[in-house]
Amino acid sequence: MAYQEERYTLGFPEMDSQHEYLYDLFDSIEPVFTSGNLSATERLVHEIEHYFIFHCECEEHLMRMYNTPSFAVHQSDHERAQQKLLQFLDDYEASRLNPAAMRIFFTGWLMEHSKLSDSEYVTWVKECRKSFRGLRSAGTDFDHID
């Protein structure tokens with residue numbers, strides 16, 4: 001993987017695995033596009049589109065579950081990136097996509113987004129989960145919580 005050492009990991013396996021898969025997809029853009037294999041290119045574009053949206057929805061669901069304070073800002077960042085994805089998809093459909101520009105944008109966006117935004121909600125979720133573990137160790141009976 002090209003820029004692995006620069007990539008920020010959250011120490012939160014639920015999202016780190018999704019981020020790693022996204023990086024793998026982004027790293028595949030130029031090799032697949034230059035291979036001339038139109039079927040592989042189409043599959044890659046489809047997978048990036050669907051998995052990126054899935055990933056954003058996963059993060060947002062997790063943030064809603066734990067009532068994360070910065071949800072609206074985080075969601076707006078996802079929406080801006082999804083708009084950029086739509087621009088790249090339009091360029092692809094019009095046969096004018098610059099694969100390097102797409103890879104550079106999404107790899108950079110994910111690195112920055114992880115470090116600045118995701119790290120905030122991960123800290124929040126970890127603290128919430130830690131408080132639940134404290135309840136269990138204190139003998140709280142979760143079966144009778146309404």
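Nothing in this text is a laboratory measurement; each read-out follows from the coordinates by a stated rule. Predicted, not measured: the structure shown is a model, and the values here were computed from it. Virtual Cβ from ideal backbone geometry, glycine too; neighbours counted across all protein chains shown.
Exposure proxy for 90, 77: other Cβ atoms within 10 Å of each Cβ, ordered fewest to most, give 90, 77. Counted over segment 12-84 with a bin width of 5 Å, the fraction of Cα pairs per bin, in whole percents, is 3, 15, 22, 21, 17, 10, 7, 4, 2, 0.
Rounded to the nearest 0.05, what FRET efficiency is calculated for residue 14 and residue 100 with R0 set to 22 Å and r the Cβ-Cβ distance?
Numbers: r = 31 Å, r/R0 = 1.39.
Efficiency, rounded to the nearest 0.05: 0.10.
Note on residue 111 and residue 90: the model spin-label points, each 7 Å out from Cα along the C-beta direction, lie 2.8 nm apart. Only DSSP H runs of four or more residues enter the estimate; each adds -39500 (n - 2.57), and after division by the residues of the chain the mean residue ellipticity at 222 nm equals -25500 deg cm²/dmol.
In percent, how large is the relative contact order of segment 13-135, given Cα pairs closer than 8 Å and 6 or more residues apart?
Relative contact order, segment 13-135: 34 percent.
Within the chain, which DSSP H helices have Cα atoms that stretch 24 Å or more along the helix axis and a mean Kyte-Doolittle hydropathy of at least -0.5? Membrane-span-like by this criterion, though nothing is claimed about a membrane: 38-65.
Relative to the 2.2 N^0.38 Å rule of thumb, segment 13-135 has a C-alpha radius of gyration ratio of 1.19.
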